[in-house]
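Visitor: This is the structure, below, for whatever I ask next.
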Amino acid sequence: MEVSLMFVRDVMSAAPLTIDPEAPLETAVAIMRERGVRHLPVVDADDRLVGIVTDRDLRSAMFGDVLADYLPGESARRLRALATPLNDVRIGQVMTWQVVTVGPEAPLAQAAAIMAERRIGSLPVVDHARLVGIVTERDVFKALAATLPCVRGEDPDTYFW
């Protein structure tokens, strides 16, 4: 199938892993590490999307103390004083609140263009204000790669187009 004929629903991950905005940051770290994901939609009790937390958000929240080593005296002391244990930080404190979303019927090319233009790695897929999936850069890349003619070389890691 040509990419121009594909829709988000064709490649999205339905029923993605999610997290509650009141969950501790430590929970998101564990989920991302164990499940190998970089983006967690944040939903309320009614599965309404309220935000997204990414591996980048987690890194920013976790490395304040490390950054303090590169700051001069008083600045370093202040940054260390702000450091909070991961269990005391809630997802709602570090997540992105204004999330760019897409519907399941959107053309895949449109989703790809949004991600490229906004420099984001995923788009939560929302239908009638409810989270129904997530589409990532990897999903788009796999869909594109599947449309290209490919011949495998002798080495299983070698491909020719």
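The values are calculated or read from the model by the stated rules, or taken from the named source; none is laboratory data. Since the structure is predicted, the reported quantities are computational estimates derived from the model, not experimental observations. Reconstructed Cβ throughout: ideal geometry from the backbone, glycine too, with neighbour counts over all protein chains shown.
Visitor: Just for the range 1-45: of the residues that are out of contact with any Pro (no Cβ under 9 Å at 6 or more places or on another chain) and of a type in the set (S, T, N, Q), which one is farthest from ASP57 (Cα to Cα)?
Guide: SER13
Visitor: Follow-up. Please go through the range 14-28 and give me each residue that is surrounded by fewer than 16 Cβ atoms within 10 Å (Cβ to Cβ) and not charged (D, E, K, R), ordered by number.
Guide: Hits for the range 14-28 are ALA14, ALA15, LEU17.
Visitor: Please specify each residue of the range 2-34 satisfying the condition of being at pLDDT 95 or above and among the basic types (Lys, Arg).
Guide: Correct list: ARG9 only.
For every residue, the table says whether it meets (1) at pLDDT 90 or above; (2) in contact with a His (Cβ under 7 Å, 6 or more places away or on another chain); (3) part of a strand (DSSP E or B).
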{"site": "THR84", "(1), (2), (3)": "no, no, no"}
{"site": "ASN87", "(1), (2), (3)": "no, no, no"}
{"site": "PRO104", "(1), (2), (3)": "yes, no, no"}
{"site": "GLN110", "(1), (2), (3)": "yes, no, no"}
{"site": "VAL126", "(1), (2), (3)": "yes, no, yes"}
{"site": "VAL132", "(1), (2), (3)": "yes, no, yes"}
{"site": "ARG138", "(1), (2), (3)": "yes, no, no"}
{"site": "ASP157", "(1), (2), (3)": "no, no, no"}
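Visitor: While we're on this one: Going by the structure shown, is THR96 surrounded by fewer than 16 Cβ atoms within 10 Å (Cβ to Cβ), in contact with a strand residue (DSSP E or B) (Cβ under 9 Å, 6 or more places away or on another chain), at pLDDT 85 or above and closer than 30 Å to LEU144 by Cα?
Guide: Yes.
Visitor: Moving on to the next point. From the list VAL50, VAL29, which one is touching a residue at least 24 places away in the same chain (Cβ under 8 Å) and over 16 Å from TRP97 (Cβ atoms)?
Guide: VAL29
Visitor: In the range 35-58, what residues are at pLDDT 90 or above and either in a strand (DSSP E or B) or within 10 Å of MET95 (Cα to Cα) (or both)?
Guide: Listed by number, the residues that qualify are HIS39, LEU40, PRO41, VAL42, VAL43, LEU49, VAL50, GLY51, ILE52, VAL53, THR54.
Visitor: Is there any pair with a first residue in the range 105-126 that is on the phi < 0 side of the Ramachandran plot and a second that is part of a helix (DSSP H, G or I) and among the polar types (S, T, N, Q) whose Cβ atoms are under 8 Å apart and which are 6 or more apart or on different chains, and what are they?
Guide: That search, which allows pairs on different chains as well, returns PRO107/SER4; ALA109/SER4.
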